[in-house]
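Asker: Input: one structure, supplied below.
Just so it is clear, none of the values below were taken in a lab; they were calculated from the coordinates. Everything numeric in this text was worked out from a predicted model, so none of it was measured. Quick reminder, even Gly has a Cβ in these numbers, built from the backbone with ideal geometry, and neighbours come from all protein chains shown.
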């Protein structure tokens, strides 16, 4: 009997440990559904975000996220980064790493993080915390992060960002807790979400939940990744930021808050006003006065990329900028506003989201996502837009950095969204004329003259300020010239439009290749069009070029004596809805010169998905045509 009991107990213990051995832990990758692995490099196993708003200027932001990294293409998930300042305080963080079976491998907390001050001589209290987990020998691997931050001042309620490129979601939960006295609205982008709302004892709770969301690919040249994947924005009618109360329930109320915030910064002293008035003495036309002051700003002030004032929203006083001769985007824009104000010229400082691939802000939902400030000067017949951080932008021309965007003008009556001008192809011209003298051994010299306007001009003016090695790299990688043995660049005055750039090169080898008595020469000494569009069976987002453009080229090849033309590519014309390309070749025997001409026109920089494949095929045909060779041979 005792032997039977002993045997039974031994068997029970053995079974217990066997069950434990085969039990699946929460982060065991075997628990991930097959459909969540399709097209995914990582899977969000659990994402719990809780935002608890205690008052209009205090909140607690808690996140718990577990991400399974399936392969090294999602290795960015091995990094933790949090930037803090006096408005955002990192209270605690804990990071845990699990193997494919879900066993704990490593654990980190706040004291294990690296930290670095992000402040400089002008900004205080900034600090970045970061951690880079050593990549494993093999994947999958799961990283779980618990983080808590305290917000001292609430401008934007933290958004709900569901996922990223090639990343699926097993479970995601967003909870927003706030006083019933506050009104919070929300808007979802890229997903249909209906939140559950509750209220108890004067406290409201809003809950959004998503399960089993499949991975989506990242589309190249479609704007920021954060805008390609589902997210939800929130705004409130009652916030306080650095003791400045405000209302973001409309663009008008947000603009009014910004106006009042900066109202005390945009008056010049009497002495400084007198200096400004001297600059325009004898000039009666307002537009000419604006032009003189913009030129004065460009020539005498420098742009410093800093975040001054409350969270980068309140400018330094105009007198400070006048005396120091520097400022960030809002400081310089506010300063020019003050200068014009001293002359009784009305203008409006305007917030905008800058970057050629940035989408315009949503007119139907107010949210402070701006990253730049410019100036709007209404005139009787037209409106002048000024990029105050640029030392070489043409007067009244914004460029692809801020064109065709919704700018928020803040006025004494409130904010107004206004569309900035969109450039046309003829505003961005690249016109190259080149002469190549070819020697019998294939060596040669080249002289090219480039006349540029708009975005091309700004590229070349910027290039003129760079060192020789940067200029050479630009010519080879961006413009597409072959590596020269010797070269020189000469630039005209930056005020000149079109802007003239002269390129001279000596080359050991001009032809692409030589075979026997023949030379095979490309149509141009550079690539008139270098961009290729990625294949896509079904495009979802716009494809974004930097700007609409016109590019033209005339190249003359002077061939050596004793050589004749064997063949030239045919004249060709290709068109699509938003573009066209023409090329033509001919030989004038009396001057031993081959003429090669080409032009490319792109009338629109944002290509809608339904026109993407057509545009891609157009570009591919263009590149094939540009790959044809001029063939000459020795007789």
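Asker: Kirkwood Rh over Cα pairs of the range 348-455 into Stokes-Einstein at 4 °C, 1.567 mPa s: D in µm²/s?
Answerer: 79 µm²/s
Asker: Express the Stokes-Einstein translational diffusion coefficient of the range 472-557 in µm² s⁻¹, to the nearest whole number, given a Kirkwood radius over alpha-carbon pairs, 20 °C and a viscosity of 1.002 mPa s.
Answerer: Estimated diffusion coefficient is 131 µm²/s.
Asker: Further question: I need to check one value: relative contact order of the range 29-244, counting alpha carbon pairs closer than 8 Å and at least 6 residues apart, in percent.
Answerer: 28 percent
Asker: Explain nothing, just the number: relative contact order of the range 426-634, from Cα pairs under 8 Å at least 6 residues apart, as a whole percent. Intermediate values should be presented prior to the final figure.
Answerer: On the way: 430 pairs, mean separation 50.5, N = 209.
Worked out over the range 426-634, it gives 24 percent.
Asker: Over the C-alpha atoms of the range 173-280, what are the Rg and the largest Cα-to-Cα span, Dmax, in Å?
Answerer: 21.7, 67
Asker: Given a cut-off of 17 Å, what percent of all Cα-Cα pairs of the range 19-92 lie beyond it?
Answerer: I get 61 percent for the Cα pairs in the range 19-92 exceeding 17 Å.
Asker: If contacts are Cα pairs under 8 angstrom and at least 6 residues apart, what is the relative contact order of the range 250-419 in percent?
Answerer: This gives 29 percent for the range 250-419.
Asker: Can you list, largest first and rounded to whole Å, the semi-axes you get for the range 331-387 by taking the square root of 5 times each eigenvalue of its Cα gyration tensor?
Answerer: 24, 13, 10
Asker: Any chance you could get the radius of gyration and Dmax over the Cα atoms of the range 250-419, in Å?
Answerer: Considering the range 250-419 through its Cα atoms, Rg and Dmax are 15.0, 46 Å.
Asker: Using a Förster radius of 22 Å, what is the FRET efficiency between residue 508 and residue 447 based on their Cβ-Cβ separation? Nearest 0.05, please.
Answerer: 0.85
Asker: Also, I was wondering about something else. On a 0 to 90° scale, report how tilted helix 270-279 is relative to the longest principal axis of the chain, with both axes built from alpha carbons and the result rounded to the nearest 10.
Answerer: Helix 270-279 sits roughly 30 degrees off the main axis of the chain.
Asker: Kirkwood Rh, Cα Rg: Rg to Rh for the range 29-244?
Answerer: 0.98
Asker: For 199, 447, what's the fewest-to-most ordering of other Cβ within 10 Å of each Cβ?
Answerer: In increasing order of surrounding Cβ atoms, one gets 199, 447.
Asker: What ranking of 31, 90 emerges when the number of other C-beta atoms within 10 Å of each C-beta is taken as an exposure proxy, fewest first?
Answerer: The fewest-first ordering by Cβ neighbours comes to 31, 90.
Asker: OK, next. Please give the Cα centre distance for the range 356-380 versus the range 50-83, rounded to the nearest Å.
Answerer: A separation of 28 Å, based on Cα centres.
Asker: With axes computed from alpha carbons, what is the tilt in degrees of helix 2-22 against the longest principal axis of the chain, rounded to the nearest 10 within 0 to 90?
Answerer: Orientation of helix 2-22: about 30 degrees from the principal axis.
Asker: Which whole-angstrom value gives the distance between the alpha carbon centres of the range 615-635 and the range 189-213?
Answerer: Here the answer is 57 Å between Cα centres.
Asker: Principal axis lengths of the range 44-143 from Cα atoms, whole Å, largest first?
Answerer: 44, 33, 23
Asker: How much of the calculated P(r) for the range 85-191 lies past 22 Å, in percent of all Cα pairs?
Answerer: Everything past 22 Å amounts to 54 percent.
Asker: Kindly provide the Kirkwood hydrodynamic radius of the range 73-112 in Å, to one decimal, from all pairs of distinct alpha carbon atoms.
Answerer: Computed over the range 73-112, the radius equals 12.2 Å.
Asker: Taking every pair of alpha-carbon atoms in the range 311-350, give the share separated by more than 15 Å as a whole percent.
Answerer: 34 percent
Asker: Based on the Cα gyration tensor of the chain, what are the three equivalent ellipsoid semi-axes, each the root of five times an eigenvalue, rounded to whole Å and given largest first?
Answerer: 52, 40, 21
Asker: In addition: What is the mean projected area of the alpha carbon convex hull for the range 510-575, to one decimal in square nanometres?
Answerer: Here the figure is 7.5 nm², rounded to one decimal.
Asker: Provide 517, 315 in ascending order of the number of other Cβ atoms located within 10 Å of each residue's Cβ, fewest first.
Answerer: Details: 517 12, 315 28.
Result, fewest neighbours first: 517, 315.
Asker: Here's something else I'd like to know. Projected area of the range 426-634, taken from the Cα convex hull and averaged over every viewing direction, in nm²?
Answerer: 12.4 nm²
Asker: Then there's this: Under the Kirkwood approximation for Rh and a Cα-based Rg, what ratio Rg/Rh is obtained for the range 512-635?
Answerer: Radius of gyration relative to Kirkwood radius: 1.07.
Asker: In degrees from 0 to 90, rounded to the nearest 10, what is the angle of the helix 454-464 Cα long axis to the longest principal axis of the chain?
Answerer: It is inclined by approximately 90 degrees.
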